[in-house]
1. Return the pairs, sorted by first residue and then second, in which the second residue is loosely packed, with under 14 Cβ neighbours inside 10 Å and not β-branched (V, I, T), the first residue lies in segment 179-204 and is without any contact (Cβ under 8 Å) to a residue 12 or more places away in the chain and closer than 18 Å to V151 by Cβ, the beta carbons are less than 9 Å apart, and the residues are 6+ apart or on different chains.
2. Can you confirm whether F126 is away from the ligand (no atom under 11 Å from the Cβ), at pLDDT 95 or above and buried (at least 24 other Cβ atoms within 10 Å of the Cβ)?
3. With respect to R206, determine if the residue is part of a strand (DSSP E or B), closer than 28 Å to V272 by Cβ and either at pLDDT below 85 or in the same structural domain as H47 (by TED's automatic domain parsing) (or both).
4. Identify the residue in segment 162-182 that is farther than 24 Å from A9 by Cβ and not in a helix (DSSP H, G or I) and, among all such residues, is farthest from the ligand (Cβ to nearest atom).
5. Of all residues in segment 96-114, which are out of contact with any strand residue (DSSP E or B) (no Cβ under 8 Å at 6 or more places or on another chain) and closer than 24 Å to E10 by Cβ?
6. Quick one: how many residues across segment 150-164 are of a type in the set (D, E, K, R) and over 19 Å from the mean Cα position of the chain (by Cα)?
7. Does any residue of segment 53-60 turn out to be hydroxyl-bearing (S, T, Y), within 14 Å of the ligand (Cβ to nearest atom) and at pLDDT below 85?
8. State which residue is farthest from the ligand (Cβ to nearest atom) when the search covers only segment 111-123 and only residues that are of a type outside the set (D, E) and in contact with a helix residue (DSSP H, G or I) (Cβ under 6 Å, 6 or more places away or on another chain).
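The values are calculated or read from the model by the stated rules, or taken from the named source; none is laboratory data. The shown structure was predicted, so the numbers you read here are calculated from the model rather than taken from an experiment. Backbone-built Cβ (ideal geometry, glycine too); neighbour counts: all protein chains shown.
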Amino acid sequence: MSATSYKPAEYWENLARDQLEQAEDAALLGAVCYAGAPLWLNRFFAHFQQRAVTGALRRMARQSDGGVMLEIGCGSGRWCHYLSASGPVVGVDIAPSMVRRARQLGRGPQFCLGSAQALPFADNSFELALSVTVLMHVPDEVKPACVKELVRVLRPGGAAILYERISPGIGAQVHPIPIDDWVRLFSDHGMRITRYEAYEYAPLLRLLHLASRMLPARARTSSLAADDVKRPAGGRLPMTAASLNGLPLPVRWAARLAVALSYPVEHVSRWVPGSRLANSALMVFEKT
Ligand SMILES: C[S@@+](CC[C@H](N)C(=O)[O-])C[C@H]1O[C@@H](n2cnc3c(N)ncnc32)[C@H](O)[C@@H]1O
C-alpha cells in the first residue's frame, strides 16, 4: 500500500470485516490494536492502553458530573462501554462494521458513523473527548481539521484525552508525530496540555523483532514488529496466530515468553529517564 493509496474508510472497514470472523476476539483487538497480530500479543498492548486511559479518567474524577462524553474513532467501542458506567457517551467512527460491532457489545453508549474531520455534532456539546490511536492514522495535512473539530464540539473547560503514537511507524496508514508536535497541534487550537505519560517501551518485543529479522525470509512471514503487522490493501493479514504457527517452535515459545515477561518489564521501563524510547503517549488537554 503506497502512501497515497490509503483510503481510511475502506482500510478500516476491511480490517473490521476481517476481524469479525475471529470469534474469540469480540472487541476486535486484531483491528483496533495491532492489525492481524495474535490476540495474546494485542492483549499486552491493550492492557497498557487500558492502564493509561482508565488512570487518566480516574484522576480527572469525571465519574459523576453528568456531562456527555465523546469518543472519536471508537472502533468496537471498548472505551465507550467503559465510559458509559460514568455517564452518557457517544462514539463516532468512520467504519460501518466497527460501529455495528460496537452496538452489538452493549446498549449504554450511542454510536454513529462519522469522520473526525467533520463531526456530526453541535458546538460545545461534550465535556470530555477521548481518542485512542486514531489521529496517528490521520495524514498530517488533515490532522489540524480533526483537532479543530474536536475543540469545536468540546465545551469551554472541557478535557480531551489522547493516546497516540509518538515514534515513527511504517505503513501508509501510520502517521505518528513526535510529542512536541502533538502538543503544538493542540495548543494551536486553544488546548492546554495538563498531563503527559509515555507508554509502550516493549524492549523485549523490539529485541525479538530484531532477532526475527535474522531468520530466513521464508520463516519470517510473521515478524513481531508492530509496524509490520498492518494489513496491506487487499492482501492477507501478514501476522496471524496461524502464521505464527508456521514459525519454528523455539521462535514461537520465545515470542510467547517475551510477551509474558513484557508485562513486568514494561512497568520497570517506565522508570527509564525521559520518554525518548517510548512508542506512545497519553496526553490530557483542557480547552481554555
Ligand atoms: C486503531 S483503531 C482504534 C479504535 C479505538 N479508539 C480503540 O482504541 O479501540 C482506529 C479507529 O479509528 C477509526 N478512524 C480512522 N480514521 C478516522 C477518521 N478520520 N474519522 C473517524 N474515525 C476514524 C477507525 O475506523 C478505527 O476504528
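1. Cβ pairs passing all conditions: D181/D140.
2. Values: away from the ligand (no atom under 11 Å from the Cβ): yes; at pLDDT 95 or above: yes; buried (at least 24 other Cβ atoms within 10 Å of the Cβ): yes.
Yes; evaluated as a whole, the condition is true for this residue.
3. Numbers: part of a strand (DSSP E or B): no; closer than 28 Å to V272 by Cβ: yes; either at pLDDT below 85 or in the same structural domain as H47 (by TED's automatic domain parsing) (or both): yes.
Taking the combined requirement at face value, the residue does not satisfy it.
4. Out of the qualifying residues, it is P178.
5. Looking only at segment 96-114, we keep the residues that are out of contact with any strand residue (DSSP E or B) (no Cβ under 8 Å at 6 or more places or on another chain), and these are 97-98, 100-101, 104-107.
Within segment 96-114, S97, M98, R100, R101, Q104, L105 meet the criteria.
6. Keep residues of segment 150-164 that are of a type in the set (D, E, K, R), which gives 152, 155, 164.
If we keep only those that are over 19 Å from the mean Cα position of the chain (by Cα) as well, we get 152, 155.
Residues in segment 150-164 being of a type in the set (D, E, K, R) and over 19 Å from the mean Cα position of the chain (by Cα): 2 in total.
7. Let us first name the residues in segment 53-60 that are hydroxyl-bearing (S, T, Y), namely 54.
Filter once more, keeping what is within 14 Å of the ligand (Cβ to nearest atom): 54.
Filter again for at pLDDT below 85, leaving none.
No, the conditions are met nowhere in segment 53-60.
8. Within segment 111-123, the first condition is being of a type outside the set (D, E), and the residues that meet it are 111-122.
In the following step, the residues that additionally are in contact with a helix residue (DSSP H, G or I) (Cβ under 6 Å, 6 or more places away or on another chain) were identified as 111, 113, 116-117, 119, 121.
Details: F111: 11, L113: 9, A116: 4, Q117: 6, L119: 9, F121: 13 Å.
Per the criteria, the residue is F121.
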